[in-house]
Amino acid sequence: MADVEQGSAVPSGSAGVGSFVSTAEGTALAYGSLVLMALLPIFFGALRSVGCCKSKNSSDMPETITSRDAARFPIIASCTLFGLYLFFKIFSEEYINLLLSVYFFVLGILALSHTMSPFMNRIFPTSLPNKQYQLLFTQGSGENKEEIVNYEFDTKDLVCLGISSVVGVWYLLKKHWIANNVFGLAFALNGVELLHLNNVSTGCILLGGLFVYDVFWVFGTNVMVTVAKSFEAPIKLVFPRDLLERGLEASNFAMLGLGDIVIPGIFIALLLRFDVSLKKNTQTYFCTSFLAYIFGLGLTMFVMHTFKHAQPALLYLVPACIGFPVIMALVKGELTEMFR
């Protein structure tokens with residue numbers, strides 16, 4: 001179904017249709033599962049982004065996207081996408097995917113460990129000792145000594161790292177779709193949590209630019225779809241449409257790129273933080289944008305399934321995620337405050 005691709009630096013994507021699935025039940029199950037998987041990282045990532053702003057831990061501090069970053073992002077994304085397209089045309093797909101697998105193996109373990117950390121803090125037995133550790137690398141000596149790496153962690157973090165490593169090895173050896181989704185969900189949740197827009201105007205610039213980017217690379221060329229089909233990495237969520245017939249060994253996948261989750265997700269998370277800043281104990285704009293995302297994603301799937309052609313999901317998600325909250329702000333008389 002949906003499909004993105006750009007590598008580690010670019011999170012935007014498109015939706016695409018693979019081979020036809022005869023059973024309506026299998027198709028409905030696949031699309032419904034993808035919608036649910038897309039909503040989970042947005043919902044929990046947005047909630048965690050609020051706490052992330054209040055965190056005093058430097059390792060949890062978010063990366064703020066400015067208007068200049070937002071304006072340059074579609075250009076960087078296009079260069080990265082086209083570069084990957086050329087790589088797949090020139091070099092062997094097998095060797096490229098081998099290198100990317102190792103790269104995302106490491107990133108996936110770290111992302112999953114960070115995702116699991118809050119849950120581990122709640123379920124870790126109090127009877128077990130939680131020892132503190134510090135990884136410190138320095139350069140030079142005496143007064144000229146400089147810290148290169150100073151990372152503090154504890155026993156809970158080691159447990160998270162161990163569990164994540166098991167998933168990583170499973171993904172590296174089997175490339176199973178469930179392992180892919182575990183890593184993909186971790187990437188998406190971390191993206192929504194840690195990538196912060198500095199204001200609504202910046203969000204509109206980012207979403208607007210990627211709207212044009214997505215439409216061009218899907219409808220204007222075959223680059224997006226080609227790279228997405230060639231790229232073996234957990235940068236998309238997949239769910240088999242033939243699961244009911246073949247079980248866990250199913251292979252006819254519907255796909256949703258992480259860019260179609262993270263890009264609208266960071267805008268929805270911004271609106272949740274705006275709700276919090278209003279101090280009215282309501283989540284009006286978060287709920288509005290969240291429902292708008294569901295509407296936009298559902299419309300993407302409907303059009304894609306009807307026309308049996310790859311669709312740029314942001315074509316439907318961007319107008320919905322921006323338009324619905326703006327209309328709500330107009331109705332409530334808070335449009336100026338929103339954009340301020």
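Expressed as a fraction of 2.2 N^0.38 Å, the C-alpha radius of gyration for segment 180-274 is 1.26. From helices alone, the chain scores -22000 deg cm²/dmol at 222 nm; the rule is -39500 (n - 2.57) for each run of n ≥ 4 DSSP H residues, then divide by the residue total. In the context of the full set of protein chains, the chain has a per residue accessible area of 49 Å² (1.4 Å probe). For the chain, the carbon plus sulfur part of the accessible surface works out to 65%, probe radius 1.4 Å.
Is any helix in the chain, taking whole DSSP H runs, at least 15 angstrom long along its axis by alpha carbon and on average at least 1.0 on the Kyte-Doolittle scale, and which ones?
Span-like helices in the chain: 24-54, 155-174, 177-194, 200-215, 259-278, 284-307, 314-332.
List the lysines whose alpha-carbon lies under 23 Å from that of Lys131, not counting same-chain residues fewer than 8 positions away? List returned: Lys56, Lys156.
Model label sites at Ile327 and Val50, defined 7 Å from Cα along the beta-carbon direction, differ in position by 2.5 nm.
Each of Ile123, Ile96 has its accessible area taken with a 1.4 Å probe; listed largest first, they run Ile123, Ile96. Computed from label points 7 Å out along Cα-Cβ, the spacing between Tyr103 and Phe119 is 2.8 nm. The largest-to-smallest principal axis extents of the Cα set in the chain are 66, 54, 42 Å.
Applying Stokes-Einstein at 25 °C and 0.890 mPa s to the Kirkwood radius of segment 215-329, computed over alpha-carbon pairs, gives a translational diffusion coefficient of 154 µm² s⁻¹. Listed by chain and number, the lysines whose alpha-carbon sits under 28 Å from that of Lys308, ignoring those within fewer than 8 places in the same chain, are Lys89, Lys175, Lys229, Lys236.
The values are calculated or read from the model by the stated rules, or taken from the named source; none is laboratory data. Note that this is a predicted model, so its numbers are computed, not measured. Note that each Cβ is placed from the backbone with ideal geometry, even for glycine, and that neighbours are counted across all protein chains shown. What goes into the accessible areas is simple: the full protein's heavy atoms, side chains included, and nothing from ligands, DNA or RNA. Shrake-Rupley method; radii C 1.70, N 1.55, O 1.52, S 1.80 Å.
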